[in-house]
Amino acid sequence: MTPPHRDTRAPLPPVAPEVFAAAVESLTTRLRRRLDPAVESLATTPVDVAEDGTYGIRCGTDARVTLAPGPSGTITSPDQARCTCLLSPRCLHRAAVLGACPIADASPPREPAPKPDPPAASNPPPEQTPPAAAAPSAGPAPSAAPDPSAVPVPPAGDARSSEGVSSVGPVPSVGLASSSHAAPSAGPGTSPERAPSVAAVPPAGHARSAGGVSSAGPGPSAGSASSSDAALPAEPGPSAAGAASPAGAVASAVRSVPIAGSVPPAVPGRSVPPADPGRPSAAQVRAAGGLWTAASAVLAAGAVAAGAVPQAELVRAAYTARLAGLHRAEGAAVGVLRHLRETRDPQGAHRAHRADELVAALRELLLVSHLLKAADPDPGLIGGVPRNHHPDGPLRLYGVCREPVVGPGDSGGVVTHLVDDTGRWYSLRDVGPGGPARARRAGTAHVALRSFLSDHERLSRGGLIVTGAVVAPDGRLLPERGVRATFAAGRPWAGAVPATAAPGRLGSGFAPPLTGCDVRIVAADGDEVLVRVRTADVPGPTVRLAPAYRHPALAHTANLRRLGACPGLEVRVLGRVDPGRVTTLRPVAVGPVPGAARTLRLPEAWRDRADLGYDLLADAHFPAGAPCPPPARITAADVPPADARPVDSPLRRVRDLVELAATGGRRAAAEPARDGDRAAHVAALRRGGFATGADLFAALGAVAARRPRDAFGRPAGDDRDQYAAQWLATAVYLTGTEAALARGLWHR
């Protein structure tokens, strides 16, 4: 028998949430205090991997933990984790090893796979669409062009009750008007449930107003809004001034800001059936209350202090929510748990925008759980089990670009983006351990789609015909049984990439699309490039192009330096708007502008596109002859600083406080309230026209610093609910305001 090989970097198998929660719950109070150091000590402990698929971890001299995952590769039963010590299974070793394992995803139920060889002339019958009331956020409909009228929308007379929502304490209201347009996508691989913006793109669905009606298309009459909504004074926009009226923090925030993952808007000329008016059951309300309590404890502690015990409480609440049928809330809780582990993982320190993603995940969890525990009747809050999508016929896809991916835990790979004839976006992912070096190699690696013989480079510039396709809710093409793929011709890049990121195109497909625009190079600023967006009639804004990754194994930095050395050049850019700096675009690919005199001259084999992470631009790719002409005159006010937030807005103070509270906890959020700069921050927000933001900033700092104590100076009472509600109101306001600013900048 071959002895097991030892590997210090072998990843541990994923564990089911309920198994990890039960292991922590069985520990004594003394052992729970030692759990976090025990988990951290396992980061450098070798893992013995046997031929039968079991994992062995030595914990001290007299204890060895053995993990025996099932056929799915996941620890789904407590019996699959055993320890040799005398206290097993209520021992610290077993709980620490399970705490070091990644949390398993709730995999969607497998649908029957298509036949291996379907007749060419026969069309498979369309599958039944799951009831919208049971799964409004379960992803796109099975047909290629889903009928929006089949999706229920809350009726016009459905008034949102404020009972149980305004009881969190009087704090400033949020008065940002909702909008039907979606914000630019924020990052690669971001799941819809954890999108960094409330104006997220599908499959979460179009944004809806919190009053329970769609915010797109011809809206209902004013009488359809609830009476409590009508009584709230609305702030005209992010730049409106005036004092905010006191109201419930979450109630006012939810009424005014779109919520990701809600039902699509109504379509003119089509009848929309009313939604199920039933409220959540008592068990669902209790489960939502448990989620709110666990999430509030995590927020009060902060990501850096939320160790294994708070995580286990959150996992236990998520498992209870699953049993109660709260699929959206359970997914949000698992997302928060994943971000907590990534934040506390020292190997993931290189990952960017981790605080933004953590804030988005916490905001989604707290918002959904608060509305559910208040018995909100919106069926979109219940959610549904994500289901894989089976198109009715073959998919004809066209390659757009390749995008390197460097994730947490030393993972790396590539994502190839594709679109179909209707503008829906799809992706092929190849991500695994290896970091930036693997991300570089994966750009020319074989495509993992059954027996398809091609690589990502050829596919990104060509096309694909997929028969029997299986599409995940986030737009990923899955290599399931029965899938057949054939290489096909592509199409010019100008036909696949829009010159402007029109709001109507954002969210038109499964995967979050990238933002495209035509720009003129202005100047280089270190590793970044200042460009002016081309518009038809008026001078466009000046924005920054920043490298998506600065690792030397990837070509982003070198290509941007080459572009910045040629001012006056006009290029078409496809990239992602930085979620924390809306004036910054992180380009993924560039190409020539059709009809422009000074533009790129790319080889014919590149098909008018250059993937900035893989293709290296050379002198031959730029216009020959005289140097590029000087750009149009630009003033210092037009140049956004490198650390600018939306239009260099004072909102950066609100975002910094919200992120500080999520990562450092309540004590860290109280520090700005104790120093002398709080008044200056509030004054800057008011001067910028963000009156509601100023009130929320001051209220969050005050609530964080207020710690009730009894006559003996001991902590008295628990006001975590009020603190969590105040943080939630501030986060929802911040996201909605930044989304409005992004729309004003990129969607001209």
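Of all the listed residues (Arg609, Arg544, Arg576), the sole one being within 23 Å of the chain's Cα centre (by Cα) and within 20 Å of Val419 (Cβ to Cβ) is Arg576.
Considering (1) of a type in the set (Gly, Ala, Ser); (2) modelled with pLDDT under 90; (3) closer than 20 Å to Leu31 by Cβ, the lone condition that Ala96 does not fulfil carries the number (2). Residues in segment 376-411 that are charged (D, E, K, R) and at pLDDT 85 or above were compared, and the one that is farthest from Ala287 (Cα to Cα) is Arg396.
Of the residues making up segment 564-601, not one is of a type in the set (Asp, Glu), part of a strand (DSSP E or B) and crowded, with 22+ Cβ neighbours inside 10 Å.
Entry remark, segment 55-86: residues being free of Cβ contacts under 8 Å to residues at least 24 places away in the same chain, in contact with a Ser or Thr (Cβ under 7 Å, 6 or more places away or on another chain) and among the β-branched types (Val, Ile, Thr) number 1 in total. Taking segment 366-444 and the strands (runs of 3 or more DSSP E) fully enclosed by it, the elements with 2 or more residues that are among the polar types (S, T, N, Q) and outside the structural domain of Glu342 (by TED's automatic domain parsing) are at 411-420.
Regarding Gln284, is this residue crowded, with 24+ Cβ neighbours inside 10 Å and part of a helix (DSSP H, G or I)? No. Restricting attention to segment 602-625, the residues being surrounded by fewer than 20 Cβ atoms within 10 Å (Cβ to Cβ), at negative phi and touching a Phe, Trp or Tyr at 6+ places or on another chain (Cβ under 8 Å) number 0.
The condition of being charged (D, E, K, R) and over 20 Å from Ala312 (Cα atoms) holds for only one of Asp48, Asp36, that being Asp48. Evaluate the following for Gly744: is it surrounded by fewer than 19 Cβ atoms within 10 Å (Cβ to Cβ), closer than 27 Å to Val543 by Cβ and either in contact with a Gly (Cβ under 6 Å, 6 or more places away or on another chain) or small (Gly, Ala, Ser) (or both)? Yes. Counting the residues of segment 445-476 that are surrounded by 17 or more Cβ atoms within 10 Å (Cβ to Cβ), within 27 Å of the chain's Cα centre (by Cα) and either without any contact (Cβ under 8 Å) to a residue 60 or more places away in the chain or not assigned by TED's automatic domain parsing to the domain that holds Thr416 (or both) gives 4.
The number of residues in segment 36-50 that are surrounded by fewer than 18 Cβ atoms within 10 Å (Cβ to Cβ) and either touching a residue at least 60 places away in the same chain (Cβ under 8 Å) or basic (Lys, Arg) (or both) comes to 1.
Taking every residue in segment 280-298 that is in the same structural domain as Arg328 (by TED's automatic domain parsing) and in contact (Cβ under 8 Å) with a residue 12 or more places away in the chain and pairing it with any residue that is in a helix (DSSP H, G or I) and aromatic (Phe, Trp, Tyr), at least 6 positions away or on another chain, the pairs with Cβ-Cβ distances below 8 Å are Ser296/Tyr723. Inside segment 537-554, residues that are under 19 Å from Ile521 (Cβ atoms) and part of a loop (DSSP other than H, G, I, E, B) make up a count of 6.
The values are calculated or read from the model by the stated rules, or taken from the named source; none is laboratory data. All values derive from a computational prediction rather than experimental measurement. Glycine gets a Cβ as well: all are built from the backbone with ideal geometry, and neighbour counts include every protein chain shown.
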